[in-house]
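Down below is the structure, laid out as structure tokens.
The values are calculated or read from the model by the stated rules, or taken from the named source; none is laboratory data. Here the structure is a predicted model, which is why all the values come from computation and not from measurement. Here Cβ is always computed from backbone atoms with ideal geometry, including for glycine, and neighbour counts include all displayed protein chains. Note: accessible area is taken over every heavy atom of the protein model, side chains too, but ligands, DNA and RNA are not part of it. Shrake-Rupley method; radii C 1.70, N 1.55, O 1.52, S 1.80 Å.
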There are 4 protein chains.
Amino acid sequence: MDYEGILAQIAQEIAAQTDRGTPADYIPQLACVDPAHFGMAVALADGRVFTTGEADTRFSIQSVSKVFTLSLALGRFGDRLWSRVGREPSGLPFNSILQLEHEQGIPRNPFINAGALVVTDAILAGHAPREVLGELLRFIRACAEDEDIHIDDAVARSETRHGDRNLALAHFMAAHGNLHHVPALTCGTYFHQCAIEMTPRQLAMAGRFLVGASGFPSQISTGSVRRINALMLTCGHYDGSGDFAYRVGLPGKSGVGGGILVIAPGRASIAVWSPGLNAQGNSALGTLAVERFAQKTGWSVFG
Amino acid sequence: MDYEGILAQIAQEIAAQTDRGTPADYIPQLACVDPAHFGMAVALADGRVFTTGEADTRFSIQSVSKVFTLSLALGRFGDRLWSRVGREPSGLPFNSILQLEHEQGIPRNPFINAGALVVTDAILAGHAPREVLGELLRFIRACAEDEDIHIDDAVARSETRHGDRNLALAHFMAAHGNLHHVPALTCGTYFHQCAIEMTPRQLAMAGRFLVGASGFPSQISTGSVRRINALMLTCGHYDGSGDFAYRVGLPGKSGVGGGILVIAPGRASIAVWSPGLNAQGNSALGTLAVERFAQKTGWSVFG
Amino acid sequence: MDYEGILAQIAQEIAAQTDRGTPADYIPQLACVDPAHFGMAVALADGRVFTTGEADTRFSIQSVSKVFTLSLALGRFGDRLWSRVGREPSGLPFNSILQLEHEQGIPRNPFINAGALVVTDAILAGHAPREVLGELLRFIRACAEDEDIHIDDAVARSETRHGDRNLALAHFMAAHGNLHHVPALTCGTYFHQCAIEMTPRQLAMAGRFLVGASGFPSQISTGSVRRINALMLTCGHYDGSGDFAYRVGLPGKSGVGGGILVIAPGRASIAVWSPGLNAQGNSALGTLAVERFAQKTGWSVFG
Amino acid sequence: MDYEGILAQIAQEIAAQTDRGTPADYIPQLACVDPAHFGMAVALADGRVFTTGEADTRFSIQSVSKVFTLSLALGRFGDRLWSRVGREPSGLPFNSILQLEHEQGIPRNPFINAGALVVTDAILAGHAPREVLGELLRFIRACAEDEDIHIDDAVARSETRHGDRNLALAHFMAAHGNLHHVPALTCGTYFHQCAIEMTPRQLAMAGRFLVGASGFPSQISTGSVRRINALMLTCGHYDGSGDFAYRVGLPGKSGVGGGILVIAPGRASIAVWSPGLNAQGNSALGTLAVERFAQKTGWSVFG
């Protein structure tokens, strides 16, 4: 397949779009990012990597980090993790507190904010935040085979200053006994994990551990690969997950920094970055780019 | 692969289960079905069919019928259908009315009851109920290559007598202008579609049109196949859809009669029947049986 | 007190208002009413009656009728009625279906639509709709000492044609076993009760049975008077009840026809009519008029 | 009226009750209070005071303190306060976070926890917590004409240690810009205000400023008296407010310490204390005691 040509066509189509969505505005560091940015990278199971646009520009991966912390937590706790967090789509926005009240402080899934806080809280057990963040970076660097992946401290500090909504979620879960550390500590760790910076190329490389191709080494078992992909497909785009599955047909996880990690099982790991978001908080043109890529390659998990 | 052996092992494991769930109790015709029933059939892309248990006993397909009406509606209206119904998981029980109020009478997806009523209402446009039901039966019979598929009138009448919850949903949507026929007419058609009886073998045969295998003739386009499978995966088991995707890893649609249709894209159509339901209204042992089948075959859309 | 002067001042202030709210628009018969109408009447415990504006023009009392059906139901069933309907403010719009789902088909109070349907359903026990409506009219006429009070059939028919939302509520309660008649029958009776026409003078006269003044004959016990006034104060203006209590300080019940019945315990029954509604579905200028009346007379139940 | 005899009868009836409700269990200091306690005091407009039971035993007034902080806030800000908090019954439990999400961080009324936090946050403007608490104690002591009213520091510290639910509410409102101080500071002040200890006699004396009787000096205007009584009647018992209005017919405010302050406008201020709570978090036997008192005296604002 002419991956280079496909990516070039997509880049051209994306460049022509006038409605580019709106960058996240809750912290200045994200709000001031130019929505004109676009980068995409595809890491194939055969080792080749194709890119287009700003594939080597760093962006804030934000909630894409939840895929990596979930992998660590599943590796450490296995199915015991599910006593503290569900695995159902929530049908609600990413930062909603409604369901928590109905369901006794148990978040619906590990990819909404409340659920991701529980996952981070779990891997903090017995460790200092610094250790957990170190382990997370080592895991991501190993997956990406790239040591040059870091946390943007200015973003982390800004998240902390504007962290009231996540602190509300954390205190609420603490009130239900579903947080094992002080809310400020769990949230602080979470804000730093979200502030990891990566390039599209690095993210595509890092995502290979979820492709499940025989050629790839994976840090986790085949069963875990499948389960994480299942969660990405049903819950990876908040209350836009059904739409993403319908249009793209591949598991993916988005972040409010405008990044999306998409897995084509057995074939490739794909990363895209476009900072403008749609109404559900997912990258508007990033979604379009991977939809086009799936159409042009014919890739879909659904037939 | 030794499909026969796999199915025999599964049948044995299912027979040994003491907690079999509870049959649906809202109409006598379903409530009195013995939870000991179990049947399963697998229709492979190469034409072979394997079965175990009561593969030739008829059961009420109930909401599995929504897959077939959705196929007809997508064929007739294409993406215009999505102006009247969403395609997101609802995070709520199958018969909930909550989301309708928040979202102006637009149901979340075509597989919850409200959404299925809209789909039926759509295909009623310009047709009498009798015609629509005739078209639906012809479609299912053609897919299954079996003329001996019928509506159980006693079930249809009983659904009508106990149809207040669905009538509430229909009137509510009518109040929002999202029902184009009198609620009693749309509901009446819907109750009859749910009362279609099939055997596991017939249902597995009928489901082949969603496998997307080159050997299979399909009544719908590859794009439609993928989209319906995507909807089955994200929404096919109500507020248990995430759990089904996590455990089974294949698209499926359940009915309160205890049937589940599962698609292994490119490989097979699988039907299972066990009348006892779990808390989310999906067949408890039917889910276990297809989970085991996916484990033993290694089939998964997720890697 | 110079009631005549007070009412004249109020009429002048109301006439000068340019923002008059919006008449109910769900049926043509209410939508086409001119928002310039205004009438008010005060029936004092000493027998005197004062009026201003169109005190002898008929309007559709709509939900004000719920006070009279509740009185009949309490008279017939006493506290047994509360097994089928609560007596708490709902915090939700008048026609919301949300709480019904959370609370198993038991409406929050008898003044939201769902609760009023249950009250009407209760007094239908053993009676034909015609008989119940006859009894209701006889009760209102006796209270008002005026035989010239009737149902507007055109309004009743129009409510029936646009009755989907109430039918949804009724079917929903039927599904929970909290409706003892066919939804169409209970709703039909309810639509006719809401279509009763009265003038402000007639309504003020009819409301005297809730004043609890020794000079007034009352068709119901002192205990029932107090309880109905309590319900009017906490629940009589839907999700605007708290605001009405805060601003006016007297129990009242509004209708979407723009009428409000207000009780000053021990002193007077007050009726006001202005068709334009506020966001909560209560008469905008009617509320202002009774707020001014309470200020000028110094009447309040709160000190 | 034989107030002494009435109170003696009530004390006897309360003593005979076997189902006494359950003391609040979220902090040890409240959980360990013996539910057998009972005390009641009535301060009449003519200056006489009648008591029964443990009228001179201190208890934690908890949410009854919200009446006093609201009085201070209304005195300082007047109707400007209502831009930050509503005045409608919520229809939800005292500590619910649901409505906050729907309504952009504006609490429904000043008597649910979220609303009380906003009121405390308002009176903190320009003042240190110590100053605000000092002003509050001076106000209460002046109302009660009793200097011996203090904060129980052990209770305040314990509330702080178990304050996650209120911190969640505070952070949530901060995220919506409706908290002007750091959540920990506003919550800390709030926890101390709730930890004020009073005896039934002191509370009845302090409540006289809301009676609106000419004989009583009041620290606030007649208009404010009426408005606070209106809010107590519609919102003073959380999602049991409608029931309290129906059964008792007088404005009241409860606290989870088992105290209730009840106002009979123009007549008396009544305080009751019984630590066991009902399902809505209001004193079970305290409610019964004031219901009996209203029946025996014939007092009601409703006729």
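Checked against (1) loosely packed, with under 15 Cβ neighbours inside 10 Å; (2) in contact with a Phe, Trp or Tyr (Cβ under 8 Å, 6 or more places away or on another chain), A:R165 passes all but a single condition, namely (1).
When restricted to residues that are at positive phi and of a type in the set (A, V, I, L, M, F, W, C), segment C:163-192 contains 0. All of (1) at negative phi; (2) modelled with pLDDT of 95 or more; (3) not in a helix (DSSP H, G or I) hold for D:I220 with one exception: (2). Considering (1) touching a Leu at 6+ places or on another chain (Cβ under 8 Å); (2) closer than 12 Å to D:S90 by Cβ, the lone condition that D:V118 does not fulfil carries the number (2).
Annotation note: of B:P275, B:P251, the sole residue that is touching a Gly at 6+ places or on another chain (Cβ under 8 Å), closer than 24 Å to B:G91 by Cα, away from chain A (no Cβ under 12 Å) and not aromatic (F, W, Y) is B:P275.
Taking first residues from segment C:38-55 that are among the basic types (K, R) and partners that are modelled with pLDDT of 95 or more and surrounded by fewer than 24 Cβ atoms within 10 Å (Cβ to Cβ), the Cβ contacts under 9 Å between residues at least 6 apart in sequence or on separate chains come to C:R48/C:Y3.
Give the residues of segment C:134-191 that are farther than 23 Å from C:L100 by Cβ and small (G, A, S), sorted by residue number. Result: C:G134, C:A142, C:A144, C:A154, C:A156, C:S158. Is it true that C:F94 is under 24 Å from C:R80 (Cα atoms), outside the structural domain of C:D56 (by TED's automatic domain parsing) and touching a strand residue (DSSP E or B) at 6+ places or on another chain (Cβ under 9 Å)? Against the criterion (under 24 Å from C:R80 (Cα atoms), outside the structural domain of C:D56 (by TED's automatic domain parsing) and touching a strand residue (DSSP E or B) at 6+ places or on another chain (Cβ under 9 Å)), C:F94 does not qualify.
Every listed requirement among (1) at positive phi; (2) buried (at least 24 other Cβ atoms within 10 Å of the Cβ) is met by C:A195 save one, (1). The set of residues from segment D:161-188 being touching a His at 6+ places or on another chain (Cβ under 9 Å) and β-branched (V, I, T) comprises just one member, D:T186. Taking segment B:1-120 and the helices (runs of 4 or more DSSP H) fully enclosed by it, the elements with 3 or more residues that are more than 23 Å from B:H162 (Cα to Cα) and open to solvent by 10 Å² or more (accessible area, probe 1.4 Å) are at B:3-16, B:65-77.
Taking every residue in segment B:257-269 that is away from chain A (no Cβ under 13 Å) and pairing it with any residue that is hydroxyl-bearing (S, T, Y), at least 6 positions away or on another chain, the pairs with Cβ-Cβ distances below 6 Å are B:G257/B:S60; B:G258/B:S274; B:G258/B:S283; B:I260/B:S254; B:I260/B:S283. Select from segment D:228-253 the residues that are open to solvent by 30 Å² or more (accessible area, probe 1.4 Å) and under 15 Å from the mean Cα position of the chain (by Cα) and list them in ascending order. If the condition is that a residue be open to solvent by 30 Å² or more (accessible area, probe 1.4 Å) and under 15 Å from the mean Cα position of the chain (by Cα), then D:D239 is the only one that fits. Within segment A:65-92, the set of residues being away from chain B (no Cβ under 13 Å) and of a type in the set (S, T, Y) comprises A:S65, A:T69, A:S71, A:S83. Taken together, D:A245, D:A279, D:A230 contain a single residue that is within 20 Å of C:T222 (Cβ to Cβ) and outside the structural domain of D:G91 (by TED's automatic domain parsing), which is D:A245. Of all residue pairs spaced 6 or more apart or on separate chains, those with beta-carbon atoms under 9 Å, a first member in segment B:225-236 that is more than 7 Å from chain A (Cβ to nearest Cβ) and a second member that is among the aliphatic types (A, V, I, L, M) and surrounded by fewer than 24 Cβ atoms within 10 Å (Cβ to Cβ) are B:I228/B:L74; B:I228/B:I220. Scanning segment A:293-303 for residues that are in contact (Cβ under 8 Å) with a residue 40 or more places away in the chain and within 14 Å of chain B (Cβ to nearest Cβ) turns up A:A294, A:K296, A:T297, A:W299, A:S300, A:V301, A:F302.
Which of the residues belonging to segment C:187-219 are among the aliphatic types (A, V, I, L, M) and within 14 Å of chain D (Cβ to nearest Cβ)? If the condition is that a residue be among the aliphatic types (A, V, I, L, M) and within 14 Å of chain D (Cβ to nearest Cβ), then C:L210, C:V211, C:A213 are the ones that fit. If only residues of segment D:171-186 that are open to solvent by less than 50 Å² (accessible area, probe 1.4 Å), part of a helix (DSSP H, G or I) and more than 8 Å from chain A (Cβ to nearest Cβ) are counted, the one that is nearest to D:G126 (Cα to Cα) is D:T186.
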